[in-house]
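Worksheet: the structure to be examined is printed underneath.
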Amino acid sequence: MSEPAFQRRGLGDVIPAPAEVRPDPAADFTIGEGTAIRTAPGSTEARRIGEYLAALLRPATGYALPVGEDSGEIALLLDPTPDLDADGDFDGAPDESYRLEVTASGVTVWAAAAAGLFAAVQTLRQLLPAAIDASGPQQGTWVLPGGEIVDRPRFPYRGAMLDIARHFFTVAEIKAYIDSLVQFKINHLHLHLTDDQGWRLEIDGWPKLTEVSGGEGTGVDGTGPGFLTRADYTELVGYAAERFVTIVPEIDMPGHVNAAQVAYPELTADGVAVAPRTDMEVGYSSLVADKEETYAFVEDVVREVAALTPGPYLHIGGDEAQATTAEDYRTFIQRVLPLVAKYGKRVVGWHEMAGVELPETAIAQYWRIEATDEGTARAAANGSKVIMSPADRTYLDMKYTPDSKPGLDWAGVINVERSYDWDPADRLPGVSEQHLLGVEAPLWSETLRSLADVQTMTFPRLPAVAEIGWSPRATHDWESFRQRLAAFGPRWRNQGIAFHASPEIPWT
Ligand code: TNX
């Protein structure tokens, strides 16, 4: 009896679209019983990525897929000589470029750095039939389409954000989220750790932040309790790093601080305790700009978060500070910027922060729906980088349609085409390609209650933002994208990832 054939994939059937694709249908390679994985001699990183690839392929193939340095048809090699990175200048970000060649005798990946091998492995996974993502053995032939891919990212920063303040998600849930994101070459996860309804990271010396404001009854409608211990956070940062994801921690200030003020009344103007809040209102709480207690608190938090975070960034929020006067906002931000620098981190803030003069190392994250923003444009002109997260395109918490659930709709409803059909270099006057660090898709959690909710809002829109961040502009094509996206239906089902079956996509 012959084995049932799986649908053969095309070499370009990948999200994000690779920079260069040269198919050679005469050069298909079939992974078989005896296939082995060979990794760059002497590199523990390459070896680890080889094991990661083997672990992805073993369940569905049922093959042993041994990993070693001596022989193997699938080779993951480090080759520092050819600089595959288009301009090589990525703000010190790791080189994620790679070359992948499939011939009748095997697959070879070359990358200058381990991050590129990891990116190539994500491509390789997508080149196999969807059945590869099944959790148990599948009958069929595992054909990889022949030819060559040369690939590199357009922007060094391609992020997602998860709000664990309005609703807490556990370490296991956040790990699952990371695993779902890296398949689309997302390399930053911004964690919104604090807000009016909850404080989700344990801080040395300030135990009530999490004891009181991370406990039972916190979160929107009181349904999202929980917090990360320092050990939890460290575990997450390590898990992310193994997948070439940088965690960007956010402590939102001077607004969005009700939870902190519930725990520590000395952070309010009159020192009187405030009541916990579980509603969805914004813009009513503020740290006090002219009180020294404020800065003692902020310095302790910044020092601790910086010490726990190996990545270069620390996000200080700065959004929706309607309860802070303009003068106090300026005073506050100008006191906090040097604190972040003192503890060795590069500051990121929502673009309201750009209303204050910033050092050029500071990064502004644009989130609103207006067509212009003076502060962001000025910051860009002064050398600051910008992360593009326009709410009407990238906000994963917006509804897909007026009646879809969960979700909000203040920035409009966002279908897949809307999340795909825009370009970050055209979004704001004064902010063009060279000013951009990249793009990020934030997921706020006011209406989310489970990991399935997180996944449903993320997929299939996150892949659109991921492609905008990675793929060359010249590859941008909605018709091609929706066809490529259609193939993810069975992949997500096999992986147990919930998704919204958007009617725009011709799901297979
Ligand atoms: C605006 S975006 C906020 C958040 C809300 C979100 C809901 C931003 C910087 N602030 O406080 O959760 O809208 O979509």
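The values are calculated or read from the model by the stated rules, or taken from the named source; none is laboratory data. Note that this is a predicted model, so its numbers are computed, not measured. Don't worry about glycine lacking a Cβ; one is built from the backbone with ideal geometry, like all the others, and counts go over all protein chains shown. Protein only, heavy atoms only, side chains kept; ligands, DNA and RNA dropped before computing areas. Shrake-Rupley method; radii C 1.70, N 1.55, O 1.52, S 1.80 Å.
In table form, for the structure just shown:
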| read-out | value |
| --- | --- |
| Hits in the range 161-195 - residues which are under 12 Å from the mean Cα position of the chain (by Cα) and either assigned by TED's automatic domain parsing to the domain that holds Thr30 or polar (S, T, N, Q) (or both) | Ser180, Gln183, Asn187 |
| Test: residue in the range 344-354 that is within 16 Å of the ligand (Cβ to nearest atom), open to solvent by 10 Å² or more (accessible area, probe 1.4 Å), more than 21 Å from Glu292 (Cβ to Cβ) and among the acidic types (Asp, Glu) | yes |
| Complete set of residues in the range 7-58 that are hydroxyl-bearing (Ser, Thr, Tyr) and in contact with a Ser or Thr (Cβ under 7 Å, 6 or more places away or on another chain) | Thr30 |
| Count of the range 431-470 residues which are within 17 Å of Ala498 (Cβ to Cβ), touching a residue at least 24 places away in the same chain (Cβ under 8 Å) and open to solvent by 10 Å² or more (accessible area, probe 1.4 Å) | 7 |
| Among the residues listed as Ala379, Ala371, Ala341, the single one being open to solvent by 60 Å² or more (accessible area, probe 1.4 Å), in contact with a strand residue (DSSP E or B) (Cβ under 8 Å, 6 or more places away or on another chain) and assigned to a helix (DSSP H, G or I) | Ala341 |
| Number of the exception - Thr81 against (1) within 30 Å of Arg461 (Cα to Cα); (2) modelled with pLDDT under 95 | (1) |
| Residue among Ala379, Ala362, Ala341 that alone is more than 13 Å from the ligand (Cβ to nearest atom) and farther than 14 Å from Tyr313 by Cα | Ala379 |
| Residues that are open to solvent by 30 Å² or more (accessible area, probe 1.4 Å) and either within 10 Å of Pro225 (Cα to Cα) or among the small types (Gly, Ala, Ser) (or both), drawn from the range 197-211 | Gly205 |
| Residue within the range 281-290 that is among the acidic types (Asp, Glu), surrounded by fewer than 16 Cβ atoms within 10 Å (Cβ to Cβ) and away from the ligand (no atom under 16 Å from the Cβ) present | yes |
| Within the range 158-185, considering residues that are of a type outside the set (A, V, I, L, M, F, W, C) and assigned to a helix (DSSP H, G or I), the one nearest to Gly496 (Cα to Cα) | Ser180 |
| Test: Ile247 is within 14 Å of the ligand (Cβ to nearest atom), of a type in the set (A, V, I, L, M) and within 26 Å of Tyr343 (Cβ to Cβ) | no |
| Top-ranked residue of the range 317-330 - restricted to ones that are crowded, with 17+ Cβ neighbours inside 10 Å and assigned to a helix (DSSP H, G or I), ranked as farthest from the ligand (Cβ to nearest atom) | Asp328 |
| Test: residue in the range 393-412 that is part of a helix (DSSP H, G or I) and either out of contact with any strand residue (DSSP E or B) (no Cβ under 7 Å at 6 or more places or on another chain) or more than 15 Å from the ligand (Cβ to nearest atom) (or both) | yes |
| Residue within the range 221-230 that is surrounded by fewer than 20 Cβ atoms within 10 Å (Cβ to Cβ) and over 23 Å from Leu448 (Cα atoms) present | yes |
| Meets criteria (assigned by TED's automatic domain parsing to the domain that holds Val416 and either at pLDDT 95 or above or within 20 Å of the chain's Cα centre (by Cα) (or both)) for Ser450 | yes |
| Hits in the range 435-460 (condition: acidic (Asp, Glu) and either away from the ligand (no atom under 16 Å from the Cβ) or out of contact with any Ser or Thr (no Cβ under 8 Å at 6 or more places or on another chain) (or both)) | Glu446 |
| Single condition Val150 does not satisfy, out of (1) of a type in the set (A, V, I, L, M); (2) surrounded by fewer than 21 Cβ atoms within 10 Å (Cβ to Cβ); (3) not in a strand (DSSP E or B) | (3) |
